[in-house]
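Step one of this worksheet: look at the structure below.
Where a number appears in this text, it was derived from the coordinates with a stated rule and is not lab data. These figures come from a predicted structure and were not determined experimentally. For neighbour counting, all protein chains shown are included, and Cβ atoms are generated from backbone atoms with ideal geometry for every residue, glycine included.
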Amino acid sequence: MLKHITKSSLQTKKIGEELAKKILKEGPKKKKAQVLALNGELGGGKTTFLQGFAKGIGVKKRILSPTFVIMKSFKIDSPSFNTFYHLDCYRIKKARELFILGFEEILSNPKNIIAIEWAERVQKLLPKNSKLITFKFYNKKEREIIIK
Ligand SMILES: Nc1ncnc2c1ncn2[C@@H]1O[C@H](COP(=O)(O)OP(=O)(O)O)[C@@H](O)[C@H]1O
Ligand SMILES: [Mg+2]
C-alpha cells in the first residue's frame with residue numbers, strides 16, 4: 001500500500017505517470033487486462049491522475065472526463081500494450097450495463113489497460129488483482145491518494 005498527499009494537480013499527475021511507468025515495466029498479465037479501479041468523491045482527482053497516467057503509458061491524446069460517454073479508448077504506443085480504456089461509471093446503475101459496451105471482451109485481452117472511475121459501482125465485474133486507487137479531498141489543493 002502506498003499513501004501520497006499531493007498539493008497540486010501537477011503532483012497528482014506525476015503520481016499517475018509513475019504508476020504508468022511501473023505497469024509498463026511489469027508488462028502485461030497472463031490472461032486479463034490490467035485494471036485500475038479508481039474511487040473517491042467528485043473532484044478528488046481521479047481524472048487528473050489519469051491524465052498523468054495516460055501520458056506515462058504513451059497516450060498522445062488528452063484525457064478528459066468521459067462522464068457522458070462512459071467509455072473512451074486510446075491507442076498506446078508501447079510494445080506490451082495496445083489500448084487504454086478510460087471508463088467513468090458515475091452514471092451506471094447496474095454493473096451489467098457494462099456488458100453492452102463489450103466490457104468482458106475488453107477485460108479478457110492482456111494487451112489492454114482499463115482505468116475505471118467510480119469503480120465501486122461495478123466492483124463485482126472487476127478482477128481480484130485490480131489496482132485499487134482511492135482519492136480523498138483534504139482541501140482546495142490537497143488530496144490523499146492511496147494505491148493498493
Ligand atoms: N492536489 C490535487 N490533485 C488533483 N486535483 C487537484 C489538486 N488540487 C486541486 N485540484 C483540482 O481538483 C479538480 C479535480 O478534478 P478531477 O480530476 O476531475 O476529479 P474527479 O475525476 O475525481 O472528479 C481539478 O479541477 C484539479 O485542478
Ligand atoms: Mg473524473
Only one of (1) touching a residue at least 40 places away in the same chain (Cβ under 8 Å); (2) within 10 Å of ligand 1 (Cβ to nearest atom) does not apply to SER80, and that is (2)
Of the candidates ILE146, ILE63, ILE133, the one satisfying the condition of being within 16 Å of ligand 1 (Cβ to nearest atom), surrounded by fewer than 16 Cβ atoms within 10 Å (Cβ to Cβ) and of a type outside the set (D, E, K, R) is ILE146
Given the conditions (1) touching a helix residue (DSSP H, G or I) at 6+ places or on another chain (Cβ under 7 Å); (2) over 25 Å from LEU42 (Cα atoms), every one holds for ILE114 apart from (2)
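Can you tell me how many residues in segment 46-62 are β-branched (Val, Ile, Thr) and within 14 Å of ILE76 (Cα to Cα)?
Adding up the residues that qualify gives 2.
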Among LEU24, LEU87, LEU107, the single one that is within 16 Å of ligand 1 (Cβ to nearest atom) and hydrophobic (A, V, I, L, M, F, W, C) is LEU87
Within segment 2-45, restricting to residues that are under 15 Å from the mean Cα position of the chain (by Cα), within 16 Å of ligand 2 (Cβ to nearest atom) and of a type in the set (S, T, N, Q), the one that is surrounded by the fewest Cβ atoms within 10 Å (Cβ to Cβ) is ASN39
Apart from one, (1) surrounded by 16 or more Cβ atoms within 10 Å (Cβ to Cβ); (2) more than 13 Å from the chain's Cα centre (by Cα) all hold for PHE84; the odd one out is (2)
Query raised in the report: Is there a residue in segment 65-87 that is within 17 Å of LEU132 (Cα to Cα) and more than 16 Å from ligand 2 (Cβ to nearest atom)?
Result: no
